[in-house]
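Beneath this line is the structure, given in structure tokens, with notes to follow.
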Amino acid sequence: MSDNALKKIFLNVFHRVNGAKFVPFAGYEMPINYKKGIINEHLHVREKAGIFDVSHMGQILIPASDKNISSLETYTPLNLKKIPSNKCHYSFILNKKGGIVDDIMISKININDQENIYIVYNASRKKILNEIFNNIFENYSILNNRCLIAIQGPGSHSVLNSFLDLSKTKNFLDINIIQFDNSNIYISRSGYTGEDGFEISIPNENSENFINQILKNENTLLCGLGCRDSLRVEAGLSLYGNEINEDITPIQANLSWALDKNRLEDDNLNGSSILLNQLQETKKTRKIGITPVNKTMLRNNMTLYNKEQKEIGYITSGCFSPVLKRSIGIGYINNFTNKLDKLFVNVRGDFEEVIIDNIPFVKKNYKKGG
Amino acid sequence: MSEKKYTKEHEWVEIEGDTATVGITNHAQESLGDIVFIDLPTVGKEVKSNEELCVIESVKAASDIYAPIDGEVIEINNNLNDDASIVNQDPEKDGWIFKMKMADPNQYNNLMTLEEYLASLEN
């Protein structure tokens, strides 16, 4: 079964030396946590700054030619000609039913006087997206020669500001190209933890030096995918394969804020008429936060029941919240359920009561208008 | 107190008279990661060895704890209700999970010695 051998990210050995515990994730051997454990890493990000190597994610650079832009607009519900340069947008690759093939971060950046579209996409969706990209784009480059490093937490800016020029990434979702070790790095003020932070696309050969430079600051800590998941659940953010998949549209996933509504009138956009209808009709389900009444753990894929023990929804993400010190969950529920109705999950044969909660569970701390 | 013995499910067992104290090994707590909640067994519950008795929830996953021997649960470590991380901090002493009255103390003799348990981890 050599096809199933786990791929290694460029800094695999570096992480091993630094005490990483590895798990298979989306075909990669990835650090789930380091010596201090998931809870300490999670709290460190909320209080100071954590470093994540997310180089398993896909990165692609596409020349912003008319043809490439028009092809991408078939899949992505944004007006790509009009979006400003140097700004990241959370968006999607959509199928013909308006379902989410992947959720992506997309931006326009200028490299060597040429406008490019830069997309970061999920590791678990690389195969299907690379096929789509190969079919629709000309002269694109998949950036396998680059790592993607995130630094997240309220201390991120001061950590990076000591050795990088952050004057063009002052606000949430700004993206720019700056120099590190005589190489171009793409730095964006973004992340997926609900905290202020940066994501940096950096040539493989500069990546270890870059992380070591960050680690010199005593407020930083290497963090694994374990706390990245609990951080994003606390922040109420969707994860591909949990909250979203090919059978769920951005509207059904409460992500219609990320759609350019004008594009829903455009036949060139996959699923545009379906999405337009969904936007106008009453939704059948809605996304909710879930909190257990007693001490119990909510887990992915648990069914939600009403007091008559009828199935009325399910949990898409359940975890322990290190900030709230209890379990939290995100899920979908029949939209006609009253916020005050009693809900239950079945935990090993016992019906445990849960209540509908607001998401995010922890207030987002993005840097805006600075 | 007797010499500690071990199960292949990574539990330790210590006996005094016909009472067995049961917890999980340091190796088990390390691989579970941060433990956040333990669904403790009910006092009075009668079980056969290898039956699922309670569940440890770590940040990563839920793991079953099995009865190492036949018998009846006579005491649970209520401190773990307030702070399950005691099992991470001190798995083989303060982090004990339950005590049981053994139906057949001979079963204890069939469990692994420390040496045998450590050897089993290497496989």
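Scan the stretch A:1-35 for residues that are surrounded by fewer than 16 Cβ atoms within 10 Å (Cβ to Cβ) and within 11 Å of another protein chain (Cβ to nearest Cβ) and the total you get is 1. Counting the residues of the stretch A:83-108 that are among the hydroxyl-bearing types (Ser, Thr, Tyr) and more than 19 Å from residue A:71 (Cβ to Cβ) gives 2. Going residue by residue through the stretch A:276-287, is there one that turns out to be at pLDDT 95 or above, closer than 21 Å to residue A:240 by Cα and not in a strand (DSSP E or B)? Within the stretch A:276-287, one or more residues are at pLDDT 95 or above, closer than 21 Å to residue A:240 by Cα and not in a strand (DSSP E or B). Annotation note: Cβ proximity below 9 Å between a residue of the stretch B:7-33 that is at negative phi and a residue that is in a loop (DSSP other than H, G, I, E, B) and among the basic types (Lys, Arg) (sequence gap 6+ or interchain) occurs for B:12/B:4; B:13/B:4; B:14/B:4; B:23/B:93; B:32/B:60. Among strands (runs of 3 or more DSSP E) entirely within the stretch A:307-351, having at least 2 residues that are small (Gly, Ala, Ser) and within 14 Å of chain B (Cβ to nearest Cβ) singles out A:311-321, A:326-334.
Per the listing A:61, A:72, A:80, the residue uniquely in a loop (DSSP other than H, G, I, E, B) and either acidic (Asp, Glu) or not assigned by TED's automatic domain parsing to the domain that holds residue A:189 (or both) is A:80.
Residues in the stretch B:76-100 that are of a type outside the set (Val, Ile, Thr) and under 17 Å from residue A:295 (Cα atoms): B:77, B:78, B:79, B:80, B:81, B:82, B:83, B:84, B:85. Meeting the requirement of 3 or more residues that are at positive phi and not acidic (Asp, Glu), no strands (runs of 3 or more DSSP E) wholly within the stretch A:161-263 can be named. Of the residues making up the stretch B:67-83, not one is modelled with pLDDT under 95 and within 13 Å of the chain's Cα centre (by Cα). Residues that are aliphatic (A, V, I, L, M) and surrounded by 24 or more Cβ atoms within 10 Å (Cβ to Cβ) were ranked within the stretch A:40-50; the one that is farthest from the other protein chains (Cβ to nearest Cβ) is A:49.
Any residue in the stretch A:182-200 that is among the basic types (Lys, Arg) sitting within a Cβ distance under 6 Å of a residue that is part of a strand (DSSP E or B)? List the pairs, counting only those 6 or more apart or interchain. Listed pairs, sorted by first residue: A:189/A:174; A:189/A:198.
The values are calculated or read from the model by the stated rules, or taken from the named source; none is laboratory data. These figures come from a predicted structure and were not determined experimentally. Note that we place each Cβ from the backbone using ideal geometry, even for glycine, and neighbour counts take in every protein chain shown.
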